[in-house]
Amino acid sequence: MHTIIHSSTAKRSRRSARHSHQSEFRQPNYDLREQPDAVKLTLYTPGVSPASIEIEVSGPDLIVTARKPQVVRVNWSALNLESAQRDYRLRLRLGFGLDYAGLHAEFHAGVLTLILPKRQPAAPSASALGIRHVA
């Protein structure tokens, strides 16, 4: 029997490391709607408990990570369940026009709802309008 040995093992290991990093999470289904005074984001994350949800803000990005409980079954065997057991991560670039500190979150039956209020534009100053006070 013949064995095929690839000479570029370093290339293959880099690709598999990148692939394992990308497949660590999966993107949840979500719905993003703009309202007059806020943005409403609804994420569908079945199998997740509220205590395992992390919400982060990194500049203009909103990052939501929801981890599933890892249960090891007594009769465990690798089928195709690994892809269904992956945790959720959603990264959205929403910009700087939202008040992330005023974020309101609700979780019910696997549905996470985030309401992000919009920032109110600052009132223009007199100097910005070109008004000068003379005498």
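The values are calculated or read from the model by the stated rules, or taken from the named source; none is laboratory data. No experiment lies behind these values; they were computed from the predicted model shown. So basically every Cβ, Gly included, is an ideal-geometry build from the backbone, and we count neighbours across all protein chains shown.
Summary of computed values
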{"item": "Cβ pairs under 7 Å, 6+ apart, first in segment 92-112 and exposed (fewer than 11 other Cβ atoms within 10 Å of the Cβ), second of a type in the set (D, E, K, R)", "result": "ARG93/ASP61"}
{"item": "Qualifying residue in segment 115-122 (condition: closer than 19 Å to GLN27 by Cα and either among the polar types (S, T, N, Q) or at pLDDT 90 or above (or both))", "result": "no"}
{"item": "Residue match in segment 9-25 (condition: out of contact with any His (no Cβ under 6 Å at 6 or more places or on another chain) and either of a type in the set (Val, Ile, Thr) or at pLDDT 95 or above (or both))", "result": "yes"}
